[in-house]
Amino acid sequence: MKALLLAASAALLATACSSTSEDETAAAPSEAAPAGMPAMEYVATAASSDMFEIQSGQLALQRSCDPTVRQFAQMLVDDHTRTTAQITQAAQTDGVTPPPPQMMPRHMEMLQRLQAAAPGGFESAFRNEQIMAHQEALTLHQTFSQDGDRPALRTVASQAVPVIQMHLNQAQSLPSTAACATPAPAPTTDRRRGERG
């Protein structure tokens, strides 16, 4: 009899635990998963991405003598300057105060790798970093255009997607070596200052 009571109690306990677990599982998605990417996160990440693209484009204009690379670099500077202005305007329309422009550590590391690239290896490094950066940017803008919580920013994100996709396609076709006689040297401004002093 005791064994029967014990078995019945165990069965009831297991059923109760199972029911509680299922209820918690059913409730979890609505509590844990936000409606979409927060607008502030999107704005900050997009601003950092644009800063990287603009500064890396400016660096390529200084460092590369390859006409294809230079043309692509100028396009980056122009397009991402425009995107930055559009996102800032959309954020204000949506009542979001854009954070002060700041490059995130990941984008800073990518820029530093480009700055440290040897003169003969700059084009290869630039190509690799641009492919990686634009893959990430494409995911960012696609995600917010679908799940974002602010309408004006969602519109800008949607408009950015084809531009970023075009940049990615062009980055993938960039040369990995300079198509020019002499690669541009790395900047030596600091060393020259030291020699003068």
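Okay, here's what the table says:
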item	result
Considering residues of region 143-180 that are without any contact (Cβ under 8 Å) to a residue 40 or more places away in the chain and of a type in the set (Gly, Ala, Ser) only, the residue nearest to residue 60 (Cα to Cα)	173
Residues satisfying the stated conditions in region 97-116, i.e. buried (at least 17 other Cβ atoms within 10 Å of the Cβ) and at pLDDT below 95	98
Among residues of region 65-120, those that are under 19 Å from residue 138 (Cβ atoms) and not aliphatic (A, V, I, L, M), counted	11
Residues located in region 117-143, provided they are within 20 Å of residue 69 (Cα to Cα) and of a type in the set (S, T, N, Q)	124, 128, 130, 135
Selection count, region 60-96, where residues are in a helix (DSSP H, G or I) and surrounded by fewer than 20 Cβ atoms within 10 Å (Cβ to Cβ)	20
Verdict on residue 139 being at pLDDT 95 or above and of a type in the set (Ser, Thr, Tyr)	yes
Test: residue in region 25-35 that is of a type outside the set (S, T, N, Q), within 22 Å of the chain's Cα centre (by Cα), surrounded by 15 or more Cβ atoms within 10 Å (Cβ to Cβ) and at pLDDT 50 or above	no
Residue tally, condition assigned to a loop (DSSP other than H, G, I, E, B) and over 11 Å from residue 42 (Cα atoms), over region 148-157	0
Conditions (1) exposed (fewer than 14 other Cβ atoms within 10 Å of the Cβ); (2) of a type in the set (Gly, Ala, Ser); (3) part of a helix (DSSP H, G or I); number of the one not met by residue 145	(1)
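The values are calculated or read from the model by the stated rules, or taken from the named source; none is laboratory data. Just so you know, these numbers come straight off a predicted model, no measurement behind them. As a convention, Cβ positions derive from the backbone with ideal geometry for all residues, glycine included, and neighbour counts pool all protein chains shown.
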